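Asks: Here it is, the structure in full.
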Amino acid sequence: MDPVKPARPAVSHLSPAARPADVRPELPSDTLWHPVDDLPRTAFDHHYFIDAAVGRLRAKLSSTSIGFALAPMEFTIAELRDLFRAALGYELGATNLTRVLTRRHVIDPTERRASPGQSGGRPATVYTFMARELTVTDPFAVLRPPR
């Protein structure tokens, strides 16, 4: 990939992209969001930094409780699955995700239920992270894409 030289000085960082789902940062009006696997060309060697950050996040989602940093304080499994899918770049089964994170003592169901969506259905259980700090939950774990 050839480096792209910006027409004006560029200030870039990745931190706004890795933010809790319920946080809405104030951004310049010309800011655009892009799927991490479909980013536009970046200036200089910035794609290496993005690739490294995405790789680290994907690895840490498998073996740590870092999901708390991306999720709101309370969430449904469907919402958490969508966050993991966006970060990992592939589909995850909600049942499997719940089982893994519950067994590792990462998430805990609350007494609350979410309102059913437009299509109706049973109200979803609302979950919370057991701790809002980074902990290693399984140093050998790897969330793998489906075959």
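The values are calculated or read from the model by the stated rules, or taken from the named source; none is laboratory data. Everything quoted here is computed from the prediction, not taken from an experiment. All Cβ positions, even for glycine, are placed from backbone atoms using ideal geometry, and neighbour counts span all protein chains on display. Only protein heavy atoms, including side chains, enter the accessible area calculation; ligands, DNA and RNA are left aside. Shrake-Rupley method; radii C 1.70, N 1.55, O 1.52, S 1.80 Å.
Asks: Any residue in segment 70-78 that is at pLDDT below 90, within 21 Å of VAL136 (Cα to Cα) and open to solvent by less than 70 Å² (accessible area, probe 1.4 Å)?
Replies: yes
Asks: Can you pull out the residues in segment 79-97 that are basic (Lys, Arg) and crowded, with 17+ Cβ neighbours inside 10 Å?
Replies: ARG81 - this is the single residue of segment 79-97 that is basic (Lys, Arg) and crowded, with 17+ Cβ neighbours inside 10 Å.
Asks: Can you tell which of SER115, SER63 is modelled with pLDDT under 90, open to solvent by 90 Å² or more (accessible area, probe 1.4 Å), among the polar types (S, T, N, Q) and at negative phi?
Replies: SER115
Asks: So which of TYR127, TYR48 is buried (at least 16 other Cβ atoms within 10 Å of the Cβ) and either modelled with pLDDT of 90 or more or within 20 Å of VAL23 (Cβ to Cβ) (or both)? Give the steps one after another, and end with the answer.
Replies: Values: TYR48 fails: buried (at least 16 other Cβ atoms within 10 Å of the Cβ).
The conditions single out TYR127.
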